[in-house]
Amino acid sequence: MLIFTALSVTREVERGTMENLLSMPIKPVEVMFGKIVPYVLVGFMPGGADHRHRVLLFGVPVRGSLIMLAILSTLFHHHHLSIGLYVSTS
């Protein structure tokens, strides 16, 4: 997912559409946030499927908070994708 984020920004710059995005009345931070959010949501799909398979197929008991797991997964995905943005813009 890090590569996908880096390539999405690089493609925007190569095609010249990044200038159009940055000329709109939104902040550059909001543009970058909009680039990250879809990949964070897509990142939850394999994680949710893995967790479902562990519980239903293999009978692994759920111990701990699922809310905490979701919060920490969100932070992990956001951090991972932010590295991809950093690589593509530097």
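Ranked by the mean number of other Cβ atoms within 10 Å of their residues, highest first, the peptides 60-72, 76-88 come out as 76-88, 60-72.
With R₀ set to 22 Å, the beta-carbon distance separating H80 from R54 gives a calculated FRET efficiency near 0.55. So what's the gap between the Cα centers of segment 74-90 and segment 15-46, to the nearest angstrom? Their Cα centres are 12 Å away from one another. Rolling a 1.4 Å probe over the protein heavy atoms of the chain, with every protein chain left in place, gives an accessible area that is 71 percent carbon and sulfur. Think of a 1.4 Å ball rolled over the protein heavy atoms: the chain then has 74 Å² of accessible area per residue.
The values are calculated or read from the model by the stated rules, or taken from the named source; none is laboratory data. Everything quoted here is computed from the prediction, not taken from an experiment. Every residue, glycine as well, gets a Cβ built from its backbone with ideal geometry; the counts of neighbours run over all protein chains shown. Note: areas computed on protein heavy atoms with side chains; ligands, DNA, RNA excluded. Shrake-Rupley method; radii C 1.70, N 1.55, O 1.52, S 1.80 Å.
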